[in-house]
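The values are calculated or read from the model by the stated rules, or taken from the named source; none is laboratory data. Here the structure is a predicted model, which means the values were calculated and not measured. Ideal geometry is used to build each Cβ from the backbone, glycine not excepted, and the neighbour counts take in all protein chains shown.
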Amino acid sequence: MPFVTANGARLHVQRLAAKSTEPEQPTVVFIHGLGWDSLASFYFTLGAPAASAGFHVVTYDLRGHGKSERPAQGYTLGDTVADLAGLLDELAITGPVHLVGNCFGGTVAFSFAHRYPERVASLVVIESEPATGAWSVKLRELLGNATDHLLHPDVLNWISENRGAHTARRSVAAGKIFTATTMASEIPRGPLLGEAELAAIGCPVLAIFGSESDLVQVADWLPRLLPSCKVAIIEGRDHSVLAEAPQSVRELMVPWINRHRPQHSAVGAPESEGEHTR
Amino acid sequence: MTESELATVADEQEVLAEIADMLAQVLEDMELTATEVGMADTFHEDLGMESIDLVMLGNLLTERYGDKVNFAEFAAELDLEAIIALTVGDLVTYIVRRLGGEEH
């Protein structure tokens, strides 16, 4: 079974080999979001296309999620970043990697890039924001509410009637995670990133948002604080843009990673602003 | 029924039985047998599986049938609704097609 023990936790890992004969292929590490989410969100959307594009693909379940171990505690961003560093060590991936994160996975990617700048070639963050003070306040409220209410029968009935049985089942799964662990109280603790720390993230960052998402306002301030950040907005999509429009995300991600291969920049590959193929 | 049609049916039944065994492995607490898993069953709604369980099933499929059967590639061609509505039969058809392609 595909498990690796990293930073003391047994993590479920799925890798896809690059479909390419070229010797130096970039490694892309996908990081999923919180709650009911798992590596499946990337495995079934961008995983195979990334491998076909010639990238080595690593997907893993964050601790507490999917098939990874669920210890009662150890869920601060610092722990999560240490898990990823340990995972790359265990997999003997030493060169800089491209991190692709969805929602909280993007927050992890920002923090990892801050903590280990030499290990990151670029970031692609989807519907994400870095761990600022404002993020912490919002997450504390959101996760507190989820922990208090998600397993309440009235809430579950409402979800089931309005969002379907499938979403209700996922809500139960998320509610169980939050009540069985200290995740909800630990995650908002950070460590948080101030303006100086954000500005110090030097790697190229592509931030993708859905035009209908509440998070799209992050696009207004993120590039100001993070000079290396470019923004792409996918029209007509909300927070679920990865699940509902994987093709659009793929068309942004593949050329972005190709443009930021270390060997490409070394030979002076031209910077193209044309994100879409047409 | 022609001989080749008969061969296809036989393959499908064989693959269905094998998938039923794999499902029992993935969902250890569910006592599934080949007769209980039907071609029309959906993984999510009928079998109560989550996407992460399908990843595990995908591993077993590749272990059994080789790299020709690549669940990640198969799923990348489908949209979200199609993945949620995916049936055991869809997967059986895909596997039979991939294995058939290998022989020809």
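Looking at A:Gly47, A:Gly54, A:Gly74, which is the one that is of a type in the set (Gly, Ala, Ser) and closer than 20 Å to A:Pro130 by Cα? That would be A:Gly74, the only listed residue that is of a type in the set (Gly, Ala, Ser) and closer than 20 Å to A:Pro130 by Cα. Only strands (runs of 3 or more DSSP E) whose full extent lies in region A:3-116 are considered here, and the ones with at least 3 residues that are over 17 Å from A:Ile257 (Cβ atoms) and of a type outside the set (A, V, I, L, M, F, W, C) are A:9-16.
Filtering B:Glu45, B:Glu36, B:Glu73 for residues that are in a loop (DSSP other than H, G, I, E, B) and facing another protein chain (nearest Cβ under 8 Å) leaves a single hit, B:Glu45. Under the condition of being at the interface with chain B (Cβ under 9 Å from one of its Cβ atoms) and not small (Gly, Ala, Ser), which residue from region A:49-70 is farthest from B:Phe74 (Cα to Cα)? Among those residues, the one meeting the criterion is A:His65.
Checking each residue of region A:27-45 against the condition of being over 13 Å from the mean Cα position of the chain (by Cα) and more than 28 Å from A:Leu139 (Cβ to Cβ) gives at least one match.
With more than 14 Å from chain B (Cβ to nearest Cβ), among the small types (Gly, Ala, Ser) and within 12 Å of the chain's Cα centre (by Cα) as the only criterion, which of A:Ala109, A:Ala121, A:Ala92, A:Ala82 stands out?
Criteria check complete, one pass: A:Ala109.
Table: residues versus (1) of a type outside the set (Ser, Thr, Tyr); (2) under 30 Å from A:Ala18 (Cβ atoms); (3) at pLDDT below 90.
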| position | (1), (2), (3) |
| --- | --- |
| B:Glu14 | yes, no, no |
| B:Glu18 | yes, yes, no |
| B:Asp41 | yes, no, no |
| B:Leu47 | yes, no, yes |
| B:Val55 | yes, yes, no |
| B:Val69 | yes, yes, no |
| B:Ile83 | yes, yes, yes |
| B:Thr87 | no, no, no |
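B:Asp90 satisfies every condition listed in (1) away from chain A (no Cβ under 12 Å); (2) over 20 Å from A:Val13 (Cα atoms); (3) part of a loop (DSSP other than H, G, I, E, B) except (3). Pull up region B:55-70, narrow it to residues that are hydrophobic (A, V, I, L, M, F, W, C) and either assigned to a loop (DSSP other than H, G, I, E, B) or touching a residue at least 24 places away in the same chain (Cβ under 8 Å) (or both), then point me to the one that is nearest to B:Leu86 (Cα to Cα). That would be B:Leu57. Which members of region B:76-87 meet the condition of being assigned to a loop (DSSP other than H, G, I, E, B) and among the charged types (D, E, K, R)? The answer is B:Glu77, B:Asp79.
Close Cβ contacts (under 6 Å, 6 or more residues apart or on different chains) running from residues in region A:34-48 that are within 7 Å of another protein chain (Cβ to nearest Cβ) and surrounded by 24 or more Cβ atoms within 10 Å (Cβ to Cβ) to residues that are among the β-branched types (Val, Ile, Thr) and part of a helix (DSSP H, G or I) comprise A:Ser38/B:Ile52; A:Ala40/B:Ile52; A:Ala40/B:Val55; A:Tyr43/B:Val55.
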